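> First, the structure itself, so that you have it in front of you.
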Amino acid sequence: MPHFGDDEARGLIRETYGQVRSTNAAVAEALYSAEELAALPRETVELALGVGHPVRHAALRPGEVVIDLGCGAGIDTILAARQVGPSGRVVGLDMTPEMVARARRNAAAAGHANVEIREGLIEDLGLPDASVDVVISNGVLNLSTRKSRVLAESFRVLRAGGRIVIADLVLDEALPEDVLKSPAALAG
Amino acid sequence: MGFDAIKTHGRQPFGLADLTRYPLFAPDFLDFLSRVMPAHRHAELVFSIIVTARKPAAAAEAPGAP
């Protein structure tokens with residue numbers, strides 16, 4: 001039985017991610033190459049909060065349309081924008097207003113006019129059917145209380161032959177009840 | 001669901017030491033985890049994975065589509 005309802009979970013996640021601050025690049029340096037990081041805005045590097053490198057597995061091609069579910073401060077969105085180039089398009093979607101503002105600032109600083117940052121839920125992508133070539137996500141699906149809905153929405157917006165690349169965390173053994181009830185564990 | 005070509009890549013253990021890199025977690029929460037999680041799981045609390053999949057080329061793109 002879930003310990004948090006949809007609205008409560010989203011509120012905790014928005015609060016945690018809205019308030020997060022970082023002055024080091026420890027997470028980014030563990031996941032991305034130095035060459036990739038060198039050309040990115042510092043804020044997007046310091047606020048990399050993912051658990052993998054989905055863009056590395058996405059085999060993006062120039063001209064493709066990508067959506068980044070839970071884009072945070074925009075690191076994967078910007079890396080994807082580089083690969084799809086000016087003829088492509090990347091939509092970064094995040095439900096936390098502070099992250100939306102950061103991602104917009106960082107995409108502009110990186111000089112990518114082919115990036116659009118939207119505020120919204122990953123359970124309701126707000127894009128037409130069959131309008132996306134690639135869905136990426138990094139450490140975000142685990143935060144959703146409706147994971148099946150996220151996957152169904154991803155399937156809906158993908159074109160036939162489109163790809164999905166999800167970096168996330170999985171369990172081999174259940175977590176103790178005290179952890180499952182912890183707001184900090186949920187939001188992290 | 002309908003995805004095909006589903007593959008899992010790069011399964012890596014993700015433990016307490018990895019969590020310390022993330023500014024999302026306060027020291028008191030990390031202390032809490034180290035107390036409530038069995039010691040044998042401290043280095044493998046969870047696993048990070050990357051999953052890739054594809055929407056079949058022949059998938060109907062809208063309900064009722066031929």
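> Kindly evaluate A:L60 against the criterion of being within 14 Å of another protein chain (Cβ to nearest Cβ) and touching a helix residue (DSSP H, G or I) at 6+ places or on another chain (Cβ under 8 Å).
yes
> Would you check if there is a residue in region A:33-53 being surrounded by fewer than 20 Cβ atoms within 10 Å (Cβ to Cβ), facing another protein chain (nearest Cβ under 8 Å) and either on the phi < 0 side of the Ramachandran plot or touching a Phe, Trp or Tyr at 6+ places or on another chain (Cβ under 6 Å) (or both)?
no
> Suppose we filter region A:160-186 for residues that are more than 7 Å from chain B (Cβ to nearest Cβ) and either touching a Leu at 6+ places or on another chain (Cβ under 7 Å) or of a type in the set (A, V, I, L, M) (or both); how many remain?
Of the residues in that region, 6 qualify.
> Something else now. Looking at region A:5-24, which of its residues are touching a residue at least 24 places away in the same chain (Cβ under 8 Å) and more than 12 Å from chain B (Cβ to nearest Cβ)?
If the condition is that a residue be touching a residue at least 24 places away in the same chain (Cβ under 8 Å) and more than 12 Å from chain B (Cβ to nearest Cβ), then A:G5, A:D6, A:A9, A:R10, A:R14 are the ones that fit.
> Now, a different point. Within the set of pairs 6+ apart or on separate chains, which have a first residue in region B:12-23 that is farther than 16 Å from B:R41 by Cβ and within 7 Å of chain A (Cβ to nearest Cβ), a second that is part of a loop (DSSP other than H, G, I, E, B) and among the polar types (S, T, N, Q), and C-beta atoms under 6 Å apart?
Qualifying pairs under 6 Å: B:P23/A:S22.
> Looking at region A:15-38 only, could you name the residues that are part of a helix (DSSP H, G or I) and β-branched (V, I, T)?
Scanning region A:15-38 gives A:T16, A:V27.
Results for (1) over 16 Å from the mean Cα position of the chain (by Cα); (2) in contact (Cβ under 8 Å) with a residue 40 or more places away in the chain, shown as yes or no for each residue.
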site	(1), (2)
A:A101	no, no
A:D129	yes, no
A:V134	no, yes
A:F155	yes, no
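Since every read-out is calculated from the coordinates, none of them should be taken as a lab result. None of these values were measured; they are calculated from a predicted model. For neighbour counting, all protein chains shown are included, and Cβ atoms are generated from backbone atoms with ideal geometry for every residue, glycine included.
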